[in-house]
Amino acid sequence: GISTPLIAHWPAGIAAPRRGQLDHEPGHLIDLMATCIDLAGATYPKQAHGQVIPPMEGVSLRPALVGEPLGRAAPIFWEHEGNRAIRAGKWKLVSKHPGGWELYDIPADRTEQHDLSAKNPEVVAALSGQWTAWAQRVGVRPWAEVQQAEQANGVRAEK
């Protein structure tokens, strides 16, 4: 599993009583750009040089920084080198390439030691369906296809 701390320094925005406090609100790398744009008062562009720019997937972490819930409307999705996951509410569905899906109740099992996929097949089906829809929408390519293309182009040696 993954659980990486974020240390934020924002004296003008983080009230003194909140400084040095821990917050377990789930965030992701995709939220950092949204946060920077929000805190800078900038506007995310819809197009550049005549090309449409896909909307940001992340949300601003500003609410968490000031002690409020993020109110994230959509799950957090990711894929990296064939490994895939979705974090939705208390659930994290994860698959280490080339294995199958594993399901964890993060508040009850933060270190992901107890796979609950066999006990909750309906949750696995729902979340994996959401992950597949997201992967199709954002253009995730099957990892074997990516490896073949890289090898054919001499980009990197096969792992």
- Task: Could you list all residues from the stretch 71-109 that are surrounded by 13 or more Cβ atoms within 10 Å (Cβ to Cβ) and either β-branched (Val, Ile, Thr) or under 30 Å from ALA16 (Cβ atoms) (or both)?
- Result: ARG72, ILE76, ILE86, VAL94, ILE106
- Task: Could you check CYS36 against (1) surrounded by 14 or more Cβ atoms within 10 Å (Cβ to Cβ); (2) at pLDDT 95 or above and say which number it fails?
- Result: (1)
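Is there a residue being out of contact with any strand residue (DSSP E or B) (no Cβ under 9 Å at 6 or more places or on another chain) and either touching a residue at least 60 places away in the same chain (Cβ under 8 Å) or assigned to a loop (DSSP other than H, G, I, E, B) (or both) anywhere in the stretch 131-139? Write out each step before concluding.
First, the residues of the stretch 131-139 that are out of contact with any strand residue (DSSP E or B) (no Cβ under 9 Å at 6 or more places or on another chain): 132-133, 136-137, 139.
Next cut, either touching a residue at least 60 places away in the same chain (Cβ under 8 Å) or assigned to a loop (DSSP other than H, G, I, E, B) (or both) only: 139.
Within the stretch 131-139, one or more residues are out of contact with any strand residue (DSSP E or B) (no Cβ under 9 Å at 6 or more places or on another chain) and either touching a residue at least 60 places away in the same chain (Cβ under 8 Å) or assigned to a loop (DSSP other than H, G, I, E, B) (or both).
Going by the structure shown, is GLU68 surrounded by 15 or more Cβ atoms within 10 Å (Cβ to Cβ), outside any helix (DSSP H, G or I) and at pLDDT 90 or above? Don't jump to the end; show me each part of the working.
On the way: surrounded by 15 or more Cβ atoms within 10 Å (Cβ to Cβ): no; outside any helix (DSSP H, G or I): yes; at pLDDT 90 or above: yes.
Answer is no for this residue.
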- Scanning for something closer than 16 Å to PRO69 by Cα, of a type in the set (Gly, Ala, Ser), touching a residue at least 40 places away in the same chain (Cβ under 8 Å) and exposed (fewer than 14 other Cβ atoms within 10 Å of the Cβ), does the stretch 24-33 turn up at least one residue? no
- Query: Only one residue in LEU116, LEU103, LEU39 is part of a loop (DSSP other than H, G, I, E, B), at negative phi, touching a Phe, Trp or Tyr at 6+ places or on another chain (Cβ under 8 Å) and without any contact (Cβ under 8 Å) to a residue 40 or more places away in the chain. Which one?
  - Reply: LEU116
- Neighbours by Cβ (under 8 Å, 6+ apart or cross-chain): first from the stretch 44-70, more than 15 Å from LEU22 (Cα to Cα); second of a type in the set (S, T, N, Q): ILE53/GLN47; GLY58/THR35; SER60/THR35
- Query: Across the stretch 42-76, what is the total count of residues that are in contact with a Phe, Trp or Tyr (Cβ under 7 Å, 6 or more places away or on another chain) and either farther than 27 Å from SER95 by Cα or not assigned by TED's automatic domain parsing to the domain that holds HIS28 (or both)?
  - Reply: 1
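The values are calculated or read from the model by the stated rules, or taken from the named source; none is laboratory data. No experiment lies behind these values; they were computed from the predicted model shown. No Cβ is skipped: glycine too gets one built from the backbone with ideal geometry, and neighbour counts run over all protein chains shown.
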